[in-house]
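This report concerns only the one structure given below.
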Amino acid sequence: MNHLPQAWGRPRDDIYGAYNHAHLAPSHPTTHTQSPIVTGTSVIALKFRGGVVIAADNLASYGSLALHRREAAEKFNDKAVLGFGGDVSDMQYLDRYLNALAIRENYSSGSGAGEKASSTSTDASEEERAESLDNEGAGTGMAANNLHKYLQKLLYRRRSDFNPLWNHILIAGLSSPPPNAPDASPQPFLKSVDLLGTAFGAPSLATGFGAHLAQPILRRVVPDEEAVKKIDEATAVEAIRECMKVLWYRDARSLDRYSLAVVTKEGVRLSEDERVEGQSWEFAEGIRGYGTQVV
Amino acid sequence: MTSIGTGYDLSNSVFSPDGRNFQVEYAMKAVENGGTAIGIRCKDGVVLALEKLVTSKLLKPGANKRISTVDRNMGVVSAGLTPDGRHFVSRARDEAAQWRSLYKAPIPTAALANRMGSYVQAYTLYSSVRPFGVTAIIGGWDSEVEVPVDGQVGAGPAVGAGGKKEGEKHGGPYLYMIEPSGLYWGYYGAATGKGRQAAKSELEKLDLAAGNLTLEEGVKEAARIIYVAHEDSKDKEFELEMTWVSSLSGPTKGRHEEVPQKLREEAERLAKKSLEGDDDEDDKPEGEKMEE
């Protein structure tokens, strides 16, 4: 044995020659996800007085191929809904991850019966209840702001590992009251986090093409936090529906079916089979410059 | 116990000449000293109840819950050494999480009982460990309807998941009891701990196999049975802890939860009343007392 710890336990160089590191060297550098594969596109959301409305179309695209339908809006618990843009398999991973998290959270918050105000209506179909069994984090203390902070840390960690989760996520719901005012009523919460862990909030938010096509329309409805207090749920839902229509008109990777969720203090109302209604394609007549037109 | 170990009880994993494992039998002794725990499998759910003996007046009433949730749809209650019970629950939760990460679905109650049975049994095989000092009761509900796969995107096949036989019943309430030896059976009604004999004879009167008892009746019976089982150690104070899990259409919507305070208090009131009734009409035959 010599005095060089790095040589301990290894064949002696003076007998066997220096170790040839080329034997185990990989032929190329380690790479992780370089681009998303199956993707979802726009998620749009808007705050209003007392809640948030969020919508995402139900398309999963494989490049430009419309691959299949999906659910892009995921109910986390009675206080939070997630909207996923970007890679669908990463969305599935996050869904399972958060499901496991919600189960663990439920352990530490005790069995917690009695205090839980369940929002699942009694006349829901058996299937709907089976859905809610899957994903509803009842008894989970996590409000939308907690969930957002958690996801931000998670996504930033992953990008720091050079292995990002290729999503742009909107987190909509109600925030937990601040520690210095535990009795304050929950405020509408809307923030986003992207694959780099970049996080910010705004009265209206959109991912994917929605950021270009829907965001300006939503900003006209709710320009700032002050305006949030002035509009009601019906106006907000109407604005979101209008934006989904615009996205269906102009975004080639979109679908006329979408999910829409409204979070208020009464809980989450999630509808997964909305349709774009009142379509009019007359404007298409005036568009020139591509397609089959000859003039 | 009539015979003592005479040297064959010093090590786990050693049989006595007449084929007994004394360490396991001693572990069962530990269970017999614990507060009574029972489980009732009703037609639309499972009730778990525990006689939690109050060891100190300095403990906060209602705190330190002893019935634990595993995944979302199962509960575990145990009698015997509390720390062993907690480790048992911890392992059960790991098993449930591991099942989910592999199969993307909740673990069936029977599968959890099987895995925990194997785990407990492994602690009877080696001289470096001692058996579990608990008998645990696992109550759970498995979904009767098709549950979406965790993280499912889109609808999946219209026929649902495979592996199900036509016309056969799948899912429902289940109840298992696991003993320190690793032995486990499925039960209609299970009881363990100090008052198990009294509790078992009360459970037998309920005719649970017929499957007529509703969950709410089950809660009231569970409370009554715990009170009956407590009769022998009346001088000690205790708290009644009760949890339940119902089907999706029931009060807990397929989740294992604590029985709401209102219902528990009502059940306790009826339990006390029926015990007082017992004292007054001691000469009445057993069957009539059951009617109320």
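The values are calculated or read from the model by the stated rules, or taken from the named source; none is laboratory data. All of these numbers come straight from a predicted model, not from anything done at the bench. Methodologically, a virtual Cβ is constructed for each residue, glycine included, from the backbone with ideal geometry; neighbour enumeration extends over all protein chains shown. In case anyone asks, the SASA skips ligands and DNA or RNA and just uses the protein heavy atoms, side chains included. Shrake-Rupley method; radii C 1.70, N 1.55, O 1.52, S 1.80 Å.
Quick one: residue A:87 ticks every box in (1) within 13 Å of another protein chain (Cβ to nearest Cβ); (2) open to solvent by 10 Å² or more (accessible area, probe 1.4 Å) except a single one, so which number is it?
(2)
Starting from residues that are buried (at least 24 other Cβ atoms within 10 Å of the Cβ) and farther than 17 Å from residue B:78 by Cα, keep the ones in the stretch B:99-146 and report whichever is farthest from the chain's Cα centre (by Cα).
B:106
Those residues that are open to solvent by less than 50 Å² (accessible area, probe 1.4 Å) and closer than 12 Å to residue A:45 by Cα, I need them from the stretch A:237-246; list them, please.
A:237, A:239, A:240, A:243, A:244, listed by residue number.
Where in the stretch A:50-128 are the strands (runs of 3 or more DSSP E), entirely inside, with at least 1 residues that are at pLDDT 90 or above and among the basic types (Lys, Arg)?
none
Residue by residue, here is whether (1) surrounded by 16 or more Cβ atoms within 10 Å (Cβ to Cβ); (2) among the β-branched types (Val, Ile, Thr); (3) not in a helix (DSSP H, G or I) holds:
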residue	(1), (2), (3)
A:217	yes, yes, no
A:223	no, no, yes
A:231	yes, yes, yes
A:235	yes, yes, no
A:248	yes, no, no
A:255	yes, no, yes
A:261	yes, no, yes
A:269	yes, no, yes
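Do you know which of the residues in the stretch B:47-94 that are basic (Lys, Arg) and outside any strand (DSSP E or B) is surrounded by the most Cβ atoms within 10 Å (Cβ to Cβ)?
Among them, the one singled out is B:72.
Would you check which residues across the stretch B:226-242 are touching a Lys or Arg at 6+ places or on another chain (Cβ under 9 Å) and either closer than 22 Å to residue B:76 by Cβ or hydrophobic (A, V, I, L, M, F, W, C) (or both) and list them?
B:229, B:230, B:238, B:239, B:240, B:241, B:242, listed by residue number.
Tally up the residues in the stretch B:225-262 that are under 16 Å from the mean Cα position of the chain (by Cα) and either surrounded by fewer than 23 Cβ atoms within 10 Å (Cβ to Cβ) or not in a loop (DSSP other than H, G, I, E, B) (or both), please.
13
In the list B:128, B:181, B:143, B:201, which residue meets the criterion of being within 14 Å of another protein chain (Cβ to nearest Cβ) and among the hydroxyl-bearing types (Ser, Thr, Tyr)?
B:143
Yes/no matrix, rows are residues, columns are (1) open to solvent by less than 40 Å² (accessible area, probe 1.4 Å); (2) within 21 Å of residue A:223 (Cα to Cα); (3) away from chain B (no Cβ under 14 Å); (4) at pLDDT below 95:
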{"residue": "A:136", "(1), (2), (3), (4)": "yes, no, no, yes"}
{"residue": "A:148", "(1), (2), (3), (4)": "yes, no, yes, no"}
{"residue": "A:159", "(1), (2), (3), (4)": "no, no, yes, yes"}
{"residue": "A:206", "(1), (2), (3), (4)": "yes, yes, yes, no"}
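Residue check: is residue B:176 more than 13 Å from chain A (Cβ to nearest Cβ), buried (at least 23 other Cβ atoms within 10 Å of the Cβ) and hydroxyl-bearing (Ser, Thr, Tyr)?
So residue B:176 passes the test.
Please list, ordered by first then second residue, the pairs with beta carbon atoms under 7 Å, 6 or more apart or interchain, first in the stretch B:202-216 and over 14 Å from residue B:172 (Cα atoms), second aromatic (Phe, Trp, Tyr) and open to solvent by 60 Å² or more (accessible area, probe 1.4 Å).
Listed pairs, sorted by first residue: B:208/B:188; B:209/B:188.
Filter the stretch A:1-25 down to the residues that are open to solvent by less than 100 Å² (accessible area, probe 1.4 Å) and outside any helix (DSSP H, G or I) and list them by number.
Listed by number, the residues that qualify are A:2, A:4, A:9, A:11, A:17, A:18, A:20, A:25.
Since residue B:157 meets every condition but one in (1) open to solvent by 30 Å² or more (accessible area, probe 1.4 Å); (2) modelled with pLDDT of 95 or more; (3) of a type outside the set (A, V, I, L, M), which condition does it not meet?
(2)
Would you mind telling me which numbered condition in (1) open to solvent by less than 60 Å² (accessible area, probe 1.4 Å); (2) more than 14 Å from chain B (Cβ to nearest Cβ) residue A:167 fails?
Answer for residue A:167: the failing condition is (2).
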